[in-house]
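Encoded as structure tokens, the structure appears first; notes follow it.
Any read-out appearing in this document is the output of simple, stated calculations on the displayed coordinates, not a laboratory observation. It should be emphasised that the depicted structure is a prediction, and the values quoted were computed from it without experimental measurement. Every residue, glycine among them, receives a Cβ derived from its backbone with ideal geometry; neighbour counts consider all protein chains shown.
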Amino acid sequence: MKQRIMVVCFISSLCLFSACSIFKPYQGALPPMTDADALWQYITLTNPYTEWNQFDDTNGMKNGSPPHGARIQIYPNKIASRSVYQAEEGSIIVMENYDEDGTTLLTIDLMQKRPNYAPSAGNWFWASYEANGTVIEEGKIKRCVECHVSMAFGDYTFIHQW
Ligand code: HEC
């Protein structure tokens, strides 16, 4: 009996410990929060997005819809992946847009969660790049927000469910 109580206590403390670590603030270095060029350097050289783990619910190549690619791949950084109810500050979601065959990379879209950046629009910074990293657009892009706001209840993201 005593042994069983000890086992239960041990398991409960393990659960409590892991629950606490989920909600612990992110300890690592934050990505740059300046402009789209700096972010491109970060996601291709400093911390290449192609090495990031994809969300379990959006793993692999998926069908996309206009204005995005016919085929898409989504890569969240570690901060976005560990976020539970909504994206934590520093979260980056990179999306590759491919042609219908899924062979030619056309453009790359990105959203980054920043502190007090755009409080009425989920505090997301938006950027769109050519496949070679040339910036097409960046910042508080109105048309990105106007469409993504329909998913405001899911922190402005369509694919992954927070
Ligand atoms: C007309 C609506 C619309 C507009 C405009 C739009 N998006 Fe999206 N976005 C979507 C949809 C729908 C998805 C889900 C994938 C798909 O169906 O292509 C998506 C997915 C994404 C994702 C992956 C994360 C997620 O939400 O699931 C990123 C990153 C993204 N969009 C960035 C942008 C950027 C940057 C812009 C502006 C330059 C933009 N989007 C404009 C509708 C839109």
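The table below lists the values:
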{"read-out": "Subset tally (residues that are of a type in the set (S, T, N, Q) and near the ligand (Cβ under 9 Å from one of its atoms)) for segment 113-162", "value": "3"}
{"read-out": "Filtered residues of segment 98-114 (kept if out of contact with any Ser or Thr (no Cβ under 9 Å at 6 or more places or on another chain) and free of Cβ contacts under 8 Å to residues at least 40 places away in the same chain)", "value": "D99, E100, D101, T103, T104, L105, L106"}
{"read-out": "Members of segment 60-97 found to be surrounded by fewer than 19 Cβ atoms within 10 Å (Cβ to Cβ) and farther than 19 Å from T107 by Cα, listed by number", "value": "K78, S81, R82, V84, Y85, Q86, E88, E89"}
{"read-out": "Residues that are under 24 Å from T58 (Cα atoms) and polar (S, T, N, Q), drawn from segment 133-162", "value": "S150, T157, Q161"}
{"read-out": "Sole exception among (1) more than 18 Å from E96 (Cα to Cα); (2) surrounded by 15 or more Cβ atoms within 10 Å (Cβ to Cβ); (3) acidic (D, E) for E146, by number", "value": "(2)"}
{"read-out": "Hits in segment 99-122 - residues which are crowded, with 18+ Cβ neighbours inside 10 Å, within 16 Å of T34 (Cβ to Cβ) and of a type outside the set (D, E, K, R)", "value": "L110, M111, Q112"}
